[in-house]
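The values are calculated or read from the model by the stated rules, or taken from the named source; none is laboratory data. Everything numeric here is computed off the predicted structure, so don't read it as measured data. Methodologically, a virtual Cβ is constructed for each residue, glycine included, from the backbone with ideal geometry; neighbour enumeration extends over all protein chains shown. Ligands, DNA and RNA are excluded from the accessible area calculation, which covers all protein heavy atoms including side chains. Shrake-Rupley method; radii C 1.70, N 1.55, O 1.52, S 1.80 Å.
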Amino acid sequence: MTRIYLGVGSNTDREHHLRRGLDALEQLLGPLQLSPVFESDAVGILATRFYNMVVAADCSLELGDLNAALKAIEAACGRREQSVVGRITLDIDILLYGDLFGRHEGVLLPRPEIVRNAFVLWPLALLAPEVQLPGSGQSIAGLWSGWRGGQKVWPVAFDWRGQALTPELLLRQGLPAADPTPGSGAA
């Protein structure tokens, strides 16, 4: 079994598609560990705001098979059928696959967005603070505490199967901010 971390996001009927994606991921992978959910402005495309989160699981699939299964889940949620640019029903990216580093089976690991985007790094730091980012020698918590980007990211209330994923304390401190206070979410 390989420990994996996935970035999951949606900007179209966000709650519905995140829940549908989590259901499909649980069916594919078994028990999931889930970060809080964060809202952020779109990065790199002209689009409405996204909901993003990170999912961890133990995976028995080879990397290529996992990537194909994730693309099938996205497609089942309408990802390939979309005709409107900038509307993404479900996006699932492999952030980490064990300690793999570099390009493997067409997948670049660790995913570069980890260190570039607060909407990936903050939830990953909450879920796996002590995990070392392959090739960096730094923990995810250390990367988050040193992050100095300018993206607007804030936690949002979200539940899955009756379980609140975003703690009330995080919701109270998480007003939209240009630079979320690194460290406040990483401990």
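For residues that are touching a residue at least 40 places away in the same chain (Cβ under 8 Å) and either outside any strand (DSSP E or B) or within 10 Å of the chain's Cα centre (by Cα) (or both), tally how many sit in the stretch 48-60.
7
Suppose the filter is under 15 Å from Val54 (Cβ atoms), at pLDDT 95 or above, open to solvent by 10 Å² or more (accessible area, probe 1.4 Å) and of a type in the set (D, E, K, R); does Glu113 pass it?
no
What's the number of the only condition in (1) at pLDDT 95 or above; (2) open to solvent by 20 Å² or more (accessible area, probe 1.4 Å) that Glu105 fails to meet?
(1)
Open to solvent by less than 30 Å² (accessible area, probe 1.4 Å) and within 20 Å of Leu63 (Cα to Cα), is that true of Ile94?
In short, yes.
Looking at the stretch 1-47 only, could you name the residues that are at pLDDT 95 or above, in a loop (DSSP other than H, G, I, E, B), farther than 22 Å from Glu113 by Cα and open to solvent by 30 Å² or more (accessible area, probe 1.4 Å)?
Met1, Pro31
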